[in-house]
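The values are calculated or read from the model by the stated rules, or taken from the named source; none is laboratory data. From a predicted model like this one, the values you see are computed outputs, not experimental measurements. Here Cβ is always computed from backbone atoms with ideal geometry, including for glycine, and neighbour counts include all displayed protein chains.
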Amino acid sequence: MSGKHSRSIYASLNLTSMVDFMTVVVIFLLMQFSTSGELSFLQKDITLPTSTSTNQLDAVPVVGVSATSIIFEGKLVTNIESMLNPDGPIIVELQPLLDQRRNQWAMTRPGVPFDHKVIVNADQNIDFRMIKKIMTTCTIGQFNNIMFATRTASRIVAPGATPAAAGE
């Protein structure tokens with residue numbers, strides 16, 4: 001190239017800021033599209049009990065029970081104070097939602113047998129009478145394979161013991 005102003009053919013490109021941006025985008029996408037079976041309907045006011053079992057969860061209906069409310073798949077069903085009265089063995093407001101979900105299974109998966117699974121996210125301090133009502137409602141709605149969501153407890157290993165011996 002000839003002329004009064006000669007410019008370099010090569011331009012420098014600062015890649016540091018672009019790499020930082022792409023790292024943030026990748027982390028965000030990994031958090032949003034995680035396929036590890038995390039519960040998407042877990043409420044902030046529910047503290048799950050602990051368990052040492054670490055089985056992955058299937059994508060099934062989720063019933064959440066907090067200190068103040070009952071939630072089905074992220075939507076408020078009813079207030080918990082009104083449910084503790086001995087007015088019946090089931091939660092009337094939850095029953096049609098379970099029936100709707102069961103019918104939805106039949107329409108979206110023709111020919112596939114219904115799996116009868118439901119996950120209950122119950123706060124560790126919820127009265128057992130409430131858990132019993134939810135279990136009865138789910139069973140009447142043909143969701144009789146009831147699983148309870150828990151937090152994973154770390155296993156304590158005694159000094160000198162192997163991790164396999166700690167689980168016994």
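Brief remarks follow.
- Of the residues making up region 72-83, those that are closer than 23 Å to T108 by Cα and modelled with pLDDT of 85 or more are F72, E73, K75.
Each row is one residue, and each column tells you yes or no for (1) surrounded by 12 or more Cβ atoms within 10 Å (Cβ to Cβ); (2) among the hydroxyl-bearing types (S, T, Y); (3) at pLDDT 70 or above; (4) out of contact with any helix residue (DSSP H, G or I) (no Cβ under 9 Å at 6 or more places or on another chain).
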residue: G3; (1), (2), (3), (4): no, no, no, yes
residue: Y10; (1), (2), (3), (4): no, yes, yes, yes
residue: V24; (1), (2), (3), (4): no, no, yes, yes
residue: F33; (1), (2), (3), (4): no, no, no, yes
residue: S36; (1), (2), (3), (4): no, yes, no, yes
residue: S40; (1), (2), (3), (4): no, yes, no, yes
residue: Q56; (1), (2), (3), (4): no, no, no, yes
residue: V63; (1), (2), (3), (4): yes, no, yes, no
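- Residue list for region 104-122, filter: within 22 Å of the chain's Cα centre (by Cα) and at pLDDT 85 or above: Q104, D115, H116, K117, V118, I119, V120, N121, A122
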